[in-house]
Amino acid sequence: MHNMKYLIIAILFLSFAANAQESKQFIIEGKVKKPLTITLDNLSTYKSVSLDSMTIFNHLMQRKSSIKNIKGVLLKDILAKVEIDAASPKALSEYYLVFTATDHYKVVYSWNEIFNSPTGNQLMVLSSYDTDPVKTEKGNIAIITPSDFATGRRFVKGLSKISILQVN
């Protein structure tokens, strides 16, 4: 019986680890005129942004890890290619973006936060980065906001989709 407990824990751990798949592309969907798929290759066609390193802090502001050799693209540059389906510019204040990872982790940003605040000038779609301690996250498209205090809260690894939605 004792061994059975460890077997169940091992199976749960393996199934959890299998859920965190790497991402080679993501789709931008929702209240848009036409969905847009962005691949790792597409990202190289945008203006590149680089950072030497960044510390990842959890919600308690404790250092969890760091990422180095960070390369990516500003999300605003990608969203410029997407036509949001809004009745008027005023209605955009009711819009929000949900970023979903391959393991279903979700993070929310408001339209105003991205397009009407300094956060939007920081929010990056990462095309490559090295982790310390070393984890197998190579080839993973991710998003991060370097200006966040608890950077880990909105560090979405394995980005699979961005849904642009409107508050009901």
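The values are calculated or read from the model by the stated rules, or taken from the named source; none is laboratory data. In this text the structure is predicted, and so the values were computed from the model without any measurement. Positions of Cβ are generated from backbone atoms using ideal geometry, with glycine treated the same way; all protein chains shown enter the neighbour counts.
Things to note:
- Qualifying residue in the stretch 69-81 (condition: exposed (fewer than 12 other Cβ atoms within 10 Å of the Cβ), out of contact with any Asp or Glu (no Cβ under 8 Å at 6 or more places or on another chain) and farther than 19 Å from Asn121 by Cα): no
Quick grid of which residues meet (1) assigned to a loop (DSSP other than H, G, I, E, B); (2) at positive phi; (3) modelled with pLDDT of 95 or more:
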| position | (1), (2), (3) |
| --- | --- |
| Lys47 | yes, no, yes |
| Ser50 | no, no, yes |
| His59 | yes, no, no |
| Lys64 | no, no, no |
| Ile67 | no, no, no |
| Val73 | no, no, yes |
| Asp77 | no, no, yes |
| Val82 | yes, no, yes |
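- Neighbours by Cβ (under 7 Å, 6+ apart or cross-chain): first from the stretch 99-122, small (Gly, Ala, Ser); second not in a helix (DSSP H, G or I): Ala101/Val156; Ala101/Lys157; Ala101/Gly158; Ala101/Leu159; Ala101/Ser160; Ser110/Tyr96
- Test: residue in the stretch 68-82 that is free of Cβ contacts under 8 Å to residues at least 12 places away in the same chain and in contact with a strand residue (DSSP E or B) (Cβ under 8 Å, 6 or more places away or on another chain): no
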